[in-house]
Structures are given as C-alpha cells and as structure tokens.
1. Take each of the peptides 70-77, 113-120, average the number of other beta-carbon atoms within 10 Å over its residues, and list them starting from the highest.
2. Using the beta-carbon distance between E180 and N325 and R0 = 22 Å, what value does 1/(1 + (r/R0)^6) give for FRET efficiency, to the nearest 0.05?
3. Give the aspartates and glutamates reachable from K146 as a straight Cα distance under 13 Å; neighbours fewer than 8 places away on the same chain don't count.
4. Equivalent ellipsoid semi-axes for the stretch 232-285, as square roots of 5 times the alpha carbon gyration tensor eigenvalues: give them largest first, rounded to whole Å.
5. Mean separation of Cα pairs under 8 Å and 6+ residues apart, divided by the residue count of the chain: what relative contact order is that in percent?
6. What distance in nm lies between label points placed 7 Å from Cα along the C-beta direction at A279 and K210?
7. Percent antiparallel among DSSP beta bridges with both residues in the chain, to the nearest 5?
8. Report the residue, chosen from E163, E209, E197, that carries the largest GNM mean-square fluctuation when the chain is represented by alpha-carbon nodes joined by springs under 10 Å.
Amino acid sequence: MIRNLLRVAVAPLAAVLSACATAPATETPKAQSAATSGYAVIPPKKDSDLKLYRTDGTIVTGAAALGRMQQEAQVILWLAGNQFFAMDDVIGEFRKQNPGLAVGLITLPPGLLLDAISKGGWTYGGKDYPGLPDVYASVNLGHLKKLKSTGLADRYAIYMHNEMVLMVGRGNPKQIKGIEDVRRADVRTSMPNPVNEGIMQFYGRRVLEKQGLWQHVSGGKECVSCQTTPNNWFTAVHHRETPERILAGTSDTGIVWITEAIEAERAGQAVEAVRLPPADSLRDEVAYAVCALTKGARQANAARFLAFLATPGAQAAYGKFGFVNATADELQLRPIP
C-alpha cells in the first residue's frame, strides 16, 4: 500500500526525469539487479551517509537508520552529500534550538536523491526502503525546479556557497597547477559522474567543456562507477571515492569542493587542494538551494529546519567547515522560478 501511494505521489516527477535523461551506464551488475525493485539504488558501503539522530542522543547508521527513520524521525532531510562531514554539528545545533526532535538524514549526490524522490524510496543492500523526505537540498536550483514542475516544491532559499578545487596527493607529486593539467598523459583523474553528481552536472562539466577537456575526460560516456578512458574514472560518490583513489595510487587528481579537501586534510588524509581561478572554481556561482516538499509528512518540522538554516547558529556550524555563509537576503524563502 505504501509503495503504491508513493508512486502515485511522485509519478509526475519520474516522467520529467525520464524525459530529461537516459538511463546511466554502470559497471556494477549487482546494483542493476537490485534496481529492478523500482527504487533508487544506494551504492554499497554508504552506511555513514544514512543516519537517524534519536531522541535519546544516540545515532543509528546504515540500513538500520533507513529502516527506522520513516517511523521514528520527526523530520527527514535528504541533503547534497558533500556536506556530510558538517552534519553532526549542524544537526546538533538544530536540536539545541529544537529540543526533542529525532532527525533522519541522508547525504548522497543530489541527482541520486532526486531520483529516489521520483521513485518513492531506496534499495540498499538488496532491501527496499519506501519513503520520501521532508526537506531536500541540492548544489543547484535546477533540481528544485524539477520538483516544482511536478508540484512537489514551491519555495526555496539559498543557504550557503562553495567552490571547486583539484584534490591531489600531499606534496602534489605530479605538480598539477590547474584544470589544463588534466590533459597530460601522465595524469589520471577521478571525476564526479555527470549522471547524478551535482558538482559535475552543473559546474565541473561546464568548466571542462570551456577548456576543451570534456571529451578527453568522458570519452563520450555518461555513466556511474565506470572507466571512461584509460586515464579517467567516473565515481558514484566523489567525495568518498576521489580521496580513496588518490591515496590508493589509482588516481592523481579530481574535481572536488574545497570543503571536502579541507575536511580530508583535517581527518589526516595525505591529500591537499590546488586552488583554481574564479573562472574555473566558479566560486561566485555555486549556491546550495533548499526546499520543503509540499507532500512531506512532517511539514511543520520541515519549516522549522528551513527557519533554522537562517540562524547565526546554523551558519556558524557550516562556516567552521569552510562553507561560505549565505547573505540575509539569500536566506529568505522565495518562490522557485
């Protein structure tokens, strides 16, 4: 019954998404098999991106969190995954301002989150988890416009900013200076996929195309977890995989958010960031957009979370991890154009 109701609610969005994109290629047959259930598939080993902050102060992760959040959480947030490392602090501040609330949280690529909204839930580890969020956030307003077109969202706010950098190994062993070095035959890249990772969908691809590097990187492919050329890998979740690949010696560099590079260094990983000029970092354009779903089951608490994002406490919680605060005007809710 739940699955049928969810499919009725999100069917228009599914139609929009299928009209806008072809099915991505993938090199993970297991994920393809699981996807026959009809839900969006969470890549393996993403337990730390699935959290339930319980009222007793404990945090449940992974499949257990997925299985319980629709029943236990008093507000469910599906947020662009590149803020995962800030969320314990952000949720802690939110609950300080709103005591007693249990919070469900998923931090995955915003295009993948949108796909799960259109399909009414998730498949993870071979099991299905139906349900929708109350709050959705992306790194670009374009995703929210798709929700508006199907009646699932109507108002939004910009709540922070970021910029792109190139992540490299500590000491920059290949002496990578900028985007143009991606062309070098001795440079192996780990890039966000263009199918559902917002950093590539809306920003990275534009820069690579401007520099005449898109074909060099993509090899004409648009896929997830795939080797597009001898020198490039498209990730499923770049902020997890790119530092892992650099540390493993299978990649030399990749586009990430500066906040991800800062966090990796803070965590003691042997990586660093190569800063890019504004024309390539797009620091003046990158904006995180958030909305409440009009069909969300917990709209009052969704409104509380949106109001919280405009508070000094919320902005400070994000700011300590390198995110650039939004202006007072940007933080005001307004109609999705």
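1. Numbers: 70-77: 20.9, 113-120: 24.5.
Packing proxy ranking, top to bottom: 113-120, 70-77.
2. On the way: r = 32 Å, r/R0 = 1.43.
Step by step, r from the Cβ atoms, then E = 0.10.
3. D115, D154
4. Values: eigenvalues 74, 37, 19 Å².
Semi-axes from the Cα gyration tensor: 19, 14, 10 Å.
5. 23 percent
6. 0.7 nm
7. So the antiparallel bridges in the chain amount to around 65 percent.
8. E209
The values are calculated or read from the model by the stated rules, or taken from the named source; none is laboratory data. Note that the structure is predicted; figures quoted are calculated from it, not measured. Glycine also receives a Cβ, built like all others from the backbone with ideal geometry; neighbour counts cover every protein chain displayed. Areas reflect the complete protein model, heavy atoms only, side chains present, ligands, DNA and RNA absent. Shrake-Rupley method; radii C 1.70, N 1.55, O 1.52, S 1.80 Å.
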